[in-house]
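FYI, it's all coordinate maths here, none of it is from the lab. Model, not experiment: these values are computed from the prediction. When we count neighbours, we look across all protein chains shown, and the Cβ atoms used for this are built from the backbone with ideal geometry, even at glycine.
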Amino acid sequence: GLCDAHNLHLDSMSSPTPVRDAPAVPTTRFTARDLAQSSALVLACDGVVFDVSDGADFYGENGPYASLARVDASRALATMNLKLTHEELARGCEGLSADELATLAEWKAKFMSKYRAVGTFTRE
């Protein structure tokens, strides 16, 4: 993804853990404008766009994570801060710490296991 943490949690002496083949991500490309204008309930996380309609109670209009819907939520997820401005969200992964990138990787894995990937996010 855009912010891959490159297995920062592994030290040089450990062998890589085998990873199950991740489902293929569709090649549809989304920009910030595409996300904002989407009729579907989507969000971007580390370069992948997910349809989170099944989580409408969380990401829908009155849900606790509504601020993450229809945006690149990478920075908010990595920093665990739901109150970022659009300007802060637009920074994506710029300047994130190793710990924040690891947190983002955990969120991405959670989304990959729970929601359908519908495309990739690209900065304009």
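Numbers below:
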quantity: Extension reserve of the residue 114-residue 94 stretch, reckoned as 0.36 nm per residue once the Cα distance is removed; calculated: 4.6 nm
quantity: Three semi-axes of the equivalent ellipsoid, the range 59-98, Cα gyration tensor, whole Å, largest first; calculated: 19, 10, 7
quantity: Amide H within-cut-off set for residue 119, under 5 Å, with H built and near neighbours excluded; calculated: 49
quantity: P(r) tail fraction, the range 36-82 - alpha-carbon pairs more than 13 Å apart, %; calculated: 50
quantity: Two-decimal log10 I(q)/I(0) for the range 43-124, as the Debye equation yields it once each C-alpha is a single scatterer, q = 0.25, 0.26 Å⁻¹; calculated: -1.35, -1.44
quantity: Principal axis box of the range 77-124, alpha-carbon based, largest edge first, Å; calculated: 27, 27, 18
quantity: Distance in nm between pseudo-label sites at residue 27 and residue 102 (7 Å out along the Cβ direction from Cα); calculated: 3.6
